[in-house]
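Below is one structure, written out as structure tokens; the observations come after it.
The values are calculated or read from the model by the stated rules, or taken from the named source; none is laboratory data. Everything numeric in this text was worked out from a predicted model, so none of it was measured. Note that we place each Cβ from the backbone using ideal geometry, even for glycine, and neighbour counts take in every protein chain shown. To get the accessible areas, we keep the full protein, side chains included, count just its heavy atoms, and leave off ligands, DNA and RNA. Shrake-Rupley method; radii C 1.70, N 1.55, O 1.52, S 1.80 Å.
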Amino acid sequence: MTVLQSYLAGQWFGSQAAKPLASAINGEIVAHTHDDAPDFAAAVDYARTTGTRELLKLDFQQRAARLKAMALYLQEHKKALYALSRHTGATKGDNAFDIDGGFGTLFAYASMGRKELPSGNVLHEGPVMPLGKNNHFAGTHILVPRRGVAVHINAFNFPVWGMLEKFAGNFLAGMPCIVKPATATSYLTEACVRLMQDSGALPDGALQLVIGGTGDLLDQLDEQDMVTFTGSASTARKLRAHPNLINRSIPFNAEADSLNSAILAPDVTPDDEEFDLLAKEVVREMTVKAGQKCTAIRRILVPRQHLDAFADRLIQRLEKVTMGDPDEEGVRMGALASLDQKEDVAAAVNDLLNTCECIFGGNGDPRPIGQGTDKGAFFGPRLLRSKDPHADGGAHDIEAFGPVSTLMGYGDLDEAIALADKGKGSLVTTFATKDPQNAARAIPVLAARHGRLQVLNAESAKESTGHGAPLPMLKHGGPGRAGGGEELGGIRAVRHYLQRTAIQGSPTMLAAVTGEYVRGADVLETEVHPFRRHFDDLAIGESLLTHRRTVTEADIVNFGCLSGDHFYMHFDEIAAKDSQFGKRIAHGYFLLSAAAGLFVSPAPGPVLANYGLDTLRFINPVGAGDTIQARLTCKRKIDQGKAGPDGTPQGVVVWDVQVTNQNDELVASYDILTLVAKKKGDA
């Protein structure tokens with residue numbers, strides 16, 4: 001008998017069997033929850049002390065590297081998770097969303113962290129704003145790790161991805177977490193956490209696991225902590241109203257199931273490719289994870305004149321769906337997660353039949369394929385048709401969290417948008433159209449009540465990840481019924497777990513706090529050219545003021561001939577005189593080239609290559625006879641822990657460049673990024 005264990009305060013905990021958890025495929029007992037009562041006060045204290053300390057021994061870049069290491073280890077051992085996932089009712093295709101999707105999210109956040117976050121544990125959120133006339137007093141914002149714990153309460157439908165998509169953000173932010181998976185599928189989450197521990201990449205206290213109930217966990221939290229929830233809208237309301245969360249103003253983020261729509265635009269006919277594309281999308285959303293997705297399409301809005309034709313296309317596809325044991329050849333749809341879930345879906349369908357008619361699946365389900373499946377939690381697809389799409393209630397309020405969707409007819413685009421809005425806020429809607437003008441008209445209006453919108457046409461379908469696939473770099477969440485919160489969203493999600501604080505002071509003080517050079521701050525000028533220093537030795541604020549160069553008529557002409565840029569402002573004396581500048585001026589890109597000539601050290605290394613250019617602005621015009629000078633200052637260093645193609649260890653250095661004229665007026669401003677070698681032996 002397998003008893004699942006919680007992982008709390010650095011120990012696997014629980015030995016007494018409690019609730020049996022049955023396989024969704026054949027009803028056999030997979031595991032039991034434990035009956036032992038956890039000490040949640042100790043778990044929270046362990047997270048705040050050990051977890052925070054160990055996570056903050058690492059910086060953003062190092063935590064990104066740990067995420068990648070965990071993802072690689074999980075990927076190597078995914079077959080064990082696949083085998084266990086079968087009992088949740090998941091098919092091989094479903095595993096691509098849950099298990100592989102979870103690993104992919106870790107990889108994505110590791111990559112985003114490496115590319116977008118600094119070395120250190122202070123994230124500067126500029127710009128710096130002068131608060132005084134002479135720039136002796138300025139202000140900006142920083143984001144720092146909170147000194148608390150994130151409590152993640154997850155849903156049953158994605159026991160791996162549901163945990164990892166939240167964990168990736170809080171881990172990268174340096175905040176420990178306590179994960180409470182839904183009990184029905186917690187055996188798969190527990191297996192994943194054990195692998196994460198085995199990877200050696202998880203610092204002590206960074207991740208704790210609760211099997212079973214949360215007891216008094218929420219009562220142990222304080223103002224530095226956070227709670228996130230994924231599940232039903234009704235449970236979200238109960239948790240949001242928890243007295244301790246309210247009294248201590250503890251941040252609470254909910255992503256709830258919603259009544260998502262798919263809209264066939266009025267310009268699409270049964271002869272168009274988009275007609276079939278949307279039908280395929282709807283059926284996929286009804287059958288992937290047996291329709292147990294918060295993003296699944298629950299309402300299908302189709303022009304009335306095409307309603308019968310679209311219903312026929314859906315039915316043709318649904319008739320081909322084979323349901324049963326995922327290990328059996330040809331099975332495309334598995335079971336619901338539990339027998340309790342099957343009862344809930346059946347009850348919701350009965351409620352929907354008060355306002356809808358069933359046009360597919362109403363005569364009982366075909367026998368699922370596989371031995372013992374008669375004891376499983378199988379529920380065949382149901383396609384309903386609304387009797388009155390404008391009536392309140394029905395499919396606009398009732399969600400059958402399974403392979404169930406409802407067709408609704410509409411007259412014009414405004415009516416379709418109004419029907420979609422009756423869902424009271426959704427995670428996602430797909431809008432299928434051939435006409436960009438229809439998209440331009442509908443999408444901004446739909447956006448007010450949706451977290452994500454997919455515009456589907458023949459072109460986007462070639463690479464589309466689909467209606468129901470949240471992507472790590474985009475937000476996942478929606479307003480109203482959908483919970484009002486966000487998950488994922490790239491670095492936006494990491495920022496959710498950080499504390500944003502405004503800081504004020506002199507530029508030198510701001511530079512010291514942010515770890516970045518701030519204009520107006522003290523600089524370090526030495527006899528050594530900054531480009532001659534290795535990454536390790538280069539100091540923030542190290543600066544070079546170059547010699548001067550006077551721009552000539554020949555410079556302007558030669559650059560124009562070399563580049564092919566003969567814009568009138570550079571070559572037409574009469575037209576330029578009538579312009580706002582009153583004279584011919586040098587090319588902006590000539591200034592960049594000339595500035596590089598002033599500050600570049602031409603000998604080989606340690607600067608290896610130009611990596612990019614950011615924040616470029618041309619401030620004041622430069623004409624023949626003007627004299628320019630550049631100041632190059634080390635602004636920021638990013639140690640990505642990488643080596644170049646030849647094995648040379650290197651980091652990224654961001655340089656602040658200011659180009660001024662003979663009157664000390666700024667004429668060009670930008671950041672230049674370079675790859676800079678580390679000393680030999682520094683990896």
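Between the stretch 447-469 and the stretch 194-242, how far is it from one alpha carbon centroid to the other, in angstrom? If you average the Cα positions of each part, the centres end up 31 Å apart. Summing charges over neighbours of residue 30, with a neighbour being any other residue whose Cβ is under 12 Å away from its Cβ, gives 0 when K and R count +1 and D and E count -1.
Counted by Cβ distance under 14 Å from residue 654, the other residues give a net charge of -2, where Lys and Arg count +1 and Asp and Glu count -1. Straight-line cross-link partners of residue 280 among the aspartates and glutamates, defined as a Cα under 17 Å from its Cα and at least 8 positions apart when in the same chain: 94, 271, 272, 308, 312, 319, 459, 463.
Calculated mean residue ellipticity at 222 nm for the chain: -9000 deg cm²/dmol, from DSSP H runs with n ≥ 4 weighted as -39500 (n - 2.57), summed, divided by the residue count and rounded to 500. Determine, from the Cβ-Cβ distance of residue 41 and residue 418 and an R0 of 51 Å, the FRET efficiency 1/(1 + (r/R0)^6), rounded to the nearest 0.05. It comes to 0.50. Taking every C-alpha pair closer than 8 Å and separated by at least 6 residues, the mean separation divided by the residue count of the stretch 349-498 gives a relative contact order of 17 percent. Rolling a 1.4 Å probe over the protein heavy atoms gives the stretch 400-450 an accessible area of 32 Å² per residue. For the stretch 287-364, what % of the accessible area comes from carbon and sulfur atoms, probe 1.4 Å? Carbon plus sulfur share of accessible area: 40 percent. Note: relative contact order over the chain, using C-alpha pairs below 8 Å and six or more positions apart, is 13 percent.
Taken over the chain, the convex hull of the Cα atoms encloses 199 Å³ per residue. Calculated accessible area for the stretch 17-142 comes out at 43 Å² per residue, all protein chains present (probe 1.4 Å; ligands, DNA, RNA ignored). Taking a ≥ b ≥ c as the square roots of the eigenvalues of the alpha carbon gyration tensor, the stretch 311-360 is oblate, as a/c is not under 1.5 and a/b does not beat b/c.
Is the C-alpha gyration tensor of the stretch 476-567 telling us rounded, prolate or oblate? Criteria: a/c under 1.5 is rounded; beyond that, a/b larger than b/c is prolate, otherwise oblate. Oblate is the answer for the stretch 476-567, as a/c is 1.5 or above yet b/c matches or exceeds a/b.
Ligands, DNA and RNA left out, the 1.4 Å accessible surface of the stretch 563-618 is 57% carbon and sulfur atoms.
A protection proxy built from the mean count of other Cβ atoms within 10 Å ranks the segments 409-415, 147-153, most packed first, as 147-153, 409-415.
Within the shell of other residues whose beta carbon sits under 13 angstrom from the beta carbon of residue 469, the net charge comes to -3, with Lys and Arg scored +1 and Asp and Glu -1.
Where a ≥ b ≥ c are the square roots of the eigenvalues of the C-alpha gyration tensor, would you call the stretch 169-227 rounded, which needs a/c under 1.5, or, failing that, prolate if a/b is larger than b/c, or oblate? Judged from the Cα gyration tensor, the stretch 169-227 comes out oblate (a/c at least 1.5, b/c at or above a/b). Using a cut-off of 27 Å between Cα atoms, the listed pairs 57/637; 115/679; 180/320; 238/387; 320/342 include 180/320; 238/387 as exceeding that distance.
Accessible surface of the stretch 104-152, 1.4 Å probe: 58 percent of it comes from carbon and sulfur atoms. When both bridge partners sit in the chain, DSSP labels roughly 60% of those beta bridges antiparallel. For the stretch 470-625, the solvent-accessible area with a 1.4 angstrom probe is 53 square angstrom per residue.
Between the stretch 255-289 and the stretch 629-655, what is the separation of their alpha carbon centroids in Å? A separation of 47 Å, based on Cα centres. Would you mind pulling out the separation of the Cα centroids of the stretch 329-355 and the stretch 378-437, in Å? So the two Cα centres are separated by 18 Å.
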